[in-house]
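Colleague: Let me begin by handing over the structure; questions about it come next.
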């Protein structure tokens with residue numbers, strides 16, 4: 001049997017695991033569900049869920065992977081032979097495929113909107129969300145365009161994966177994660193210099209406890225699982241390529257810090273921009289693909305900021 005490949009460096013593993021956790025959930029989903037659930041109140045609950053629930057599960061999945069050096073299905077079968085637990089591993093893998101079914105589609109959207117921004121097409125929206133909504137709906141209902149961009153996105157993902165751990169995933173996350181952080185820092189600094197940026201920051205961080213409901217708590221808990229890739233075998237798989245001397249607590253802490261930090265930074269970048277023109281922060285999924293394209297042309301250097309933002313979204317996907 002061939003010896004199992006391992007991560008080349010601790011830094012590479014942390015970036016790769018963080019890259020799995022950091023994604024559309026941080027930059028696309030978190031801002032709009034925070035906007036729909038009271039901003040600061042939701043952010044507080046989300047952070048508590050990450051710390052109290054997310055952290056132990058991340059460590060647990062790393063432990064299972066490193067101990068068994070196997071995939072999720074093989075790991076549970078090895079730890080509990082002749083039991084139902086291997087089916088838990090199978091369910092996790094199946095859930096990853098279900099998520100990929102829409103993740104890949106939205107990833108294609110990010111590529112399309114990056115191209116639109118580069119070509120200056122956002123300026124044609126005249127700052128009107130209704131026109132932007134028509135453009136978005138026309139794109140996603142077209143039988144060919146979304147498929148075309150989806151194939152490009154999936155092709156790029158497959159190309160990275162087939163090159164293995166060191167030559168594929170680890171190599172490219174060492175490039176893309178610093179790029180994500182760099183672009184996000186630029187967008188945050190740009191956002192906080194916009195007019196009325198303080199209102200966006202207050203919306204994101206000031207807790208309104210009257211907005212806390214049972215549904216918002218469940219949503220925050222569910223999002224903490226989604227954004228950390230928990231329960232689908234990803235962290236078990238990544239942990240299976242770890243060397244025995246790797247400090248799991250330290251690694252998990254870095255993953256959580258990067259994942260949560262990027263989500264908060266994305267929220268700042270988006271809400272300061274949204275509030276600068278008086279747009280609705282509770283714009284739902286359309287906040288990214290309908291509202292923001294109408295905002296970028298209204299601010300100085302909008303072509304650059306729009307391109308950077310959607311390229312960031314593509315890298316995160």
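Colleague: If you line up the Cα atoms of the chain on their principal axes, what length do they span on each, largest first, in Å?
Modeller: Per principal axis, max minus min of the Cα coordinates gives 61, 45, 33 Å.
Colleague: Okay, next question. Using only C-alpha positions, report the orientation-averaged shadow area of the convex hull of the stretch 132-196, nm², one decimal.
Modeller: 6.7 nm²
Colleague: Points 7 angstrom from Cα along the Cβ direction at residue 130 and residue 51: gap in nanometres?
Modeller: Each label point is offset 7 Å from its Cα along the Cβ direction, giving 4.6 nm.
Colleague: Rounded, prolate or oblate: pick one for the stretch 158-226, where a ≥ b ≥ c are the square roots of the eigenvalues of its C-alpha gyration tensor, a/c under 1.5 means rounded, and failing that, prolate if a/b is larger than b/c, else oblate.
Modeller: Details: a/c = 5.23, a/b = 1.52, b/c = 3.43.
Note, shape of the stretch 158-226 comes out oblate.
Colleague: How high is the relative contact order of the chain, in percent, with contacts defined as C-alpha pairs under 8 Å that are six or more residues apart?
Modeller: Taking the mean separation of contacting Cα pairs over the length of the chain, I get 44 percent.
Colleague: Note down the nm distance, to one decimal, between modelled labels 7 Å out along Cα→Cβ at residue 102 and at residue 85.
Modeller: Going by the 7 Å Cα→Cβ label model, 3.2 nm.
Colleague: While we're looking at this one, here's another question. Please give the calculated 222 nm ellipticity per residue for the chain, where each DSSP H segment of at least 4 residues contributes -39500 (n - 2.57) and the sum is spread over every residue; nearest 500 deg cm²/dmol?
Modeller: Rounded to the nearest 500, the figure is -22000 deg cm²/dmol.
Colleague: Let me ask another. Take peptides 214-226, 50-62 and line them up by average Cβ neighbours within 10 Å, highest first, as a rough protection proxy.
Modeller: Final packing ranking: 50-62, 214-226.
Colleague: I need the shape label for the stretch 176-264. Rule: rounded when a/c is under 1.5, else prolate if a/b > b/c, else oblate, with a, b, c from the alpha carbon gyration tensor. Working shown, then result.
Modeller: Values: a/c = 3.00, a/b = 1.43, b/c = 2.10.
Oblate.
Colleague: To continue, here is another question. Please report, in whole Å, how far the alpha carbons of the stretch 47-201 spread along each principal axis, starting with the longest.
Modeller: 63, 41, 31
Colleague: Residue 163 label point, 7 Å along Cα→Cβ, cut-off 19 Å on backbone N: hits in the stretch 1-34?
Modeller: 5-20
Colleague: Can you give the angle from 0 to 90° between the axis of helix 214-227 and the longest principal axis of the chain, with both taken from C-alpha atoms, to the nearest 10?
Modeller: On a 0 to 90 degree scale, this one is about 60.
Colleague: Stretch residue 175-residue 141 to full length: gain in nm at 0.36 nm per residue minus the Cα-Cα span?
Modeller: 8.8 nm is the gain from fully extending residue 175 to residue 141.
Colleague: Once you put a point 7 Å from the Cα of residue 245 and another 7 Å from the Cα of residue 9, both along the Cβ direction, what distance in nm separates them?
Modeller: In this crude label model, residue 245 to residue 9 measures out at 1.6 nm.
All of the numbers you see were taken from the coordinates with simple rules; none came from a lab. Bear in mind the structure is a predicted one, so any value in this text is a computation, not a measurement. So basically every Cβ, Gly included, is an ideal-geometry build from the backbone, and we count neighbours across all protein chains shown.
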